1. Between Glu492 and Glu42, what's the calculated FRET efficiency when r is the beta-carbon distance and R0 is 51 Å? Round to 0.05.
2. What lysines could a cross-link reach from Lys382, if we take a straight Cα to Cα line under 21 Å and drop same-chain neighbours fewer than 8 places away?
3. What is the gain in length, in nm to one decimal, between Lys551 and Ile376 on full extension, counting 0.36 nm per residue of separation less the C-alpha to C-alpha distance?
4. Quick one: which residues, 5+ away or cross-chain, put their amide H under 5 Å from the amide H of Ile225? H built at 1.01 Å from N.
5. Which residues make up the longest stretch of the chain clear of chymotrypsin sites (Phe, Trp or Tyr not before Pro) that lie in a DSSP loop with no more than 14 other Cβ atoms within 10 Å, not counting the sites?
6. Quote the relative contact order of the range 94-218 in percent (integer), defining contacts as alpha-carbon pairs under 8 Å separated by 6+ residues.
7. What list of ³J(HN,Hα) couplings, whole Hz, do you get for the range 542-550 from phi and the Karplus terms 6.51, -1.76, 1.60, once you set θ to phi - 60° and write x for glycine and proline?
8. Quick one: compute the contact order of the chain, relative version, from alpha carbon pairs under 8 angstrom and 6+ residues apart, as a percent.
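The values are calculated or read from the model by the stated rules, or taken from the named source; none is laboratory data. All values reported here derive from a predicted model rather than from experimental measurement. Backbone-built Cβ (ideal geometry, glycine too); neighbour counts: all protein chains shown. Ligands, DNA and RNA are stripped out before the accessible areas are found, and what is left, the full protein with its side chains, is counted by its heavy atoms. Shrake-Rupley method; radii C 1.70, N 1.55, O 1.52, S 1.80 Å.
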Amino acid sequence: MEQLFALVLPENGFIWAPKLQLLSTTLYSMAIEKILKDDASEEKGERARMASFVGAIAITDLVKTTLGPKGMDKILQSTGRGHEVTVTNDGATILKSLHIDNPAAKVLIDISKVQDDEVGDGTTSVVVLAGELLREAEKLVAAKIHPMTIISGYRMASECARNALLQRVVDNKENAEKFKSDLMKIARTTLSSKILSQDKEHFAQLAVDAVMRLKGSTNLEAIQIIKKPGGSLKDSFLDEGFILDKKIGLGQPKRIENAKILVANTAMDTDKVKIYGARVRVDSMSKVAEIEGAEKEKMREKVKKIMAHGINCFVNRQLIYNFPEELFADAGILAIEHADFDGIERLALVTGGEIASTFDNPESVKLGHCKLIEEIMIGEDKLIHFSGVEMGQACTVVLRGASHHVLDEAERSLHDALCVLSQTVNDTRVLLGGGWPEMVMAKEVDELARKTPGKKSHAIEAFSRALVAIPTIIADNAGLDSADLVAQLRAEHHKEGCNAGIDVISGSVGDMAELGISESFKVKQAVLLSATEAAEMILRVDEIITCAPRKREDRM
């Protein structure tokens, strides 16, 4: 501080200008540090950009080994109770489970989640493409090209790439037979990179049948997936109707035809006085018996109100105690208790009923209907099967498998396939797969780079290189010589009307149309646009400010 005073009050009364400038800079940086709290930190310019690039590229390198038909799986072990283990190669599932501190990496995890919710598949591709775009951008920034120039080049390139795909899409909406074959191809392609790839023919047929029943709806709630350990994945099947994972109670009818179903969420356990929390002062045991009698009578009244709806099946979210269960059995009504919440919501949806909790006005309650309720066995377990339900599109997929881990991964794989197929039924445009779309886009983007003057052309060229990285990674993951294969592919794509892509099974360049490898246009478009937007967002960053953590207050 002595030096500062010397600057402000020199002996001859004059302040030397460069020293004044130095003083103001020093004070400014001190002031900035004082604005932020003690533990807060900030990174500026080059360092901030490097932190963003490093975080995003690290996430990309983490998931890129799961890309393609020969992608590897990851084991995720939680640190919580039980140390649960998840084995998966689904990009979104892997990224969702990571706790990450880097802000740029969080942006990539976010686009992966959105891709999963929006179209179901392409969760790894979108992260890999965004990461490759940033890898290329890092080289351009090092070559002193301004991030805004790179962004405008990327925008032009992504528009050009999208138009290139639009010119090459196939739409068989008018021809039902061809469209169904397209759906089968898409299902096979989606499942070929998952655990179900060994039985992809069986599961592709199963997924297409389930989605065709939805008749164009994208509401996958009508498709229920039940997992039962035992048997092999091949034993999985699609069942028309709805299966509830519950047993039928004692002394109740095991089979009901033309069922009228009341779905409820109400307490059926008040036929006894709850000893805990109830204080009753009586002078003899007979009084206790009277109170219990009154409780029982109250329950009997409630059961009568429920029976007044003219039903022959009662499904309750909560427990049904022995006394009301006995009353229902005497009346020949099937009573199902403790149906899980997901189960009763879906049951109300597919049978066309509504969930009721009061029973005073039977005329205002909407009952569910189905043709037959019966008990079935799957493996060792008894379940209740509702067939001929009101909502014709409802169906249940029963998955069998060796262990819970296999079943969980099979469910994720099937869910991805169902999502993609339901989206394709709405947007019927289809593309070939196996790295073909990326090569088509890269070729068009390359041509655009040659026509574009100025520094933007470097960014457009970089976009093309990032697109080619996807077939390169698919080949690398299959243990093939990616440099040779991608060079062959590029040469093939300079011929007119080329259908060449990477055939990882034979390890060479193959005709995707002959091999029946197809992808949904909607998935590819979502991957392209999301990845470009995410890369653009991270490129714009020039400062990262980390807030100070909240301190715990001493309450003592």
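1. E(calc), rounded to 0.05, equals 0.50.
2. Within the straight-line limit of under 21 Å, Lys382 reaches these lysines: Lys227, Lys228, Lys234, Lys246, Lys247, Lys254, Lys371.
3. Using 0.36 nm per residue and subtracting the Cα-Cα distance, I get 57.2 nm.
4. Val397
5. Working: sites that count: Phe14, Trp16, Tyr276.
The answer is 277-556.
6. Working: 47 pairs, mean separation 14.2, N = 125.
Across the range 94-218, relative contact order equals 11 percent.
7. 10, 7, 10, 10, 9, 6, 6, x, 6
8. 26
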